[in-house]
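Notes for the one structure printed next.
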Amino acid sequence: MLAGLFLPKHIDVKPFHFKAFTIFENTYSHRIGTDAMLLGALVDVERKNFALDVGSGSGVLSLMMAQKKNSLKVHALEIDAKAHNEGVTNVSKSPFSHQIDCIHQNILSFTNEVVYDLIITNPPYYLSNNPSTQDNEREKHTSIEALKGWFHVIFNKLDSNGNFWIVFPSIETETYHRLLFETGFHKVSQYEILGKNNVPVRTIGNYSPAQTAKPHIEQLKIRDENGAYTQKYREITQNFHGTLI
């Protein structure tokens, strides 16, 4: 199942073991799946010094970035108190706790003097003003107006040559791109994650205030016709999976 879905609050989740760390608590955060795994594996931390993980939840993306580069400093920002506490627990038990600061705050009111050269997020991404429940609204849905304001805040916190990585449903690509480009972002790279019948289901995008001459566009298939993980997916995520897949 793709990440981006949330677990009911009564389910006890077994620890999820990565090669270099373990997610011990993940009840109030995004379920760890291929969205998070691919986003964390694809993000480029080379020549990056200070990263911001917006909506950090269990801390999985912050931990993946920290694993990639031991000099990278990460602010893991989470608005939900229970999800934030899960992130604190997971980070504190990891080998990368000295690199990551978990912060319980809303991105819209988060003020500091840091200019980030990398911002990453796996957000509530369905653009709908009519979620079925209050939890569904917080966990999966956002509005165009909220997203527009959110992108402006992120743009202003990012270095002029920095990178912003995000995952969203492919059916929302046109709207996301319109809002991103209106904000001042330019596309650096785009990965279309293919589902059944080779139909794009998720988009992982990398954007920057600085313009790129020719953005990199690539399609990635996670599973083959038999339901097994593809060789490409295995190669991309091989430094993170704790067991053979």
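Coordinate-derived values only; no laboratory data. On a predicted model such as this, the values are computed, not experimentally measured, just so you know. Positions of Cβ are backbone-derived with ideal geometry, glycine not excepted, and every protein chain shown enters the neighbour counts.
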Legend entry - Extreme residue, positive dipole direction of the chain, given options Met37, Leu179, His241 (C-beta unit charges): His241
Legend entry - Ellipsoid equivalent to the range 156-245 - semi-axes via the Cα gyration tensor, in Å: 28, 16, 10
Legend entry - Potential extension, Ala146-Ser92 segment - 0.36 nm per residue separation minus Cα distance: 16.3 nm
Inset, instruction - For the range 203-245 and the range 34-55, write down the distance between their C-alpha centroids in whole Å. - result: 13 Å
Legend entry - Dipole in debye (nearest 20) - the range 16-237, about Cα centre, beta carbon charges: Lys, Arg +1; Asp, Glu -1: 480 debye
Inset, instruction - Kindly state, as a whole number, the per residue volume in cubic angstrom of the convex hull around the alpha carbon atoms of the chain. - result: 129 Å³
Inset, instruction - Taking 7 Å along the Cα-to-C-beta vector as the label spot, tell me the His241-Asn161 distance in nanometres, rounded to one decimal. - result: 3.6 nm
Legend entry - Cα centroid separation - the range 63-105 against the range 137-202, whole Å: 23 Å
Legend entry - Inter-label distance, nm, simple model (7 Å from Cα along the C-beta direction), Ala210/Asp44: 1.0 nm
Inset, instruction - Grab the DSSP H runs of the chain that are 4 residues or longer, score each as -39,500 (n - 2.57), total them, divide by all residues and round the 222 nm result to the nearest 500 deg cm²/dmol. - result: -8000 deg cm²/dmol
Inset, instruction - List the lysines whose Cα lies under 30 Å from the Cα of Lys68, skipping any in the same chain that are fewer than 8 positions away. - result: Lys14, Lys19, Lys48, Lys82, Lys93, Lys140, Lys157, Lys187, Lys214, Lys221, Lys232
Inset, instruction - Name the most mobile residue of Thr212, Thr22, Thr89, meaning the one with the largest mean-square fluctuation, in a Gaussian network model of the chain with Cα contacts below 10 Å. - result: Thr212
Inset, instruction - Quote the FRET efficiency, to the nearest 0.05, computed for Lys19 versus Arg223 with a Förster distance R0 of 22 Å and r equal to the Cβ-Cβ distance. - result: 0.55
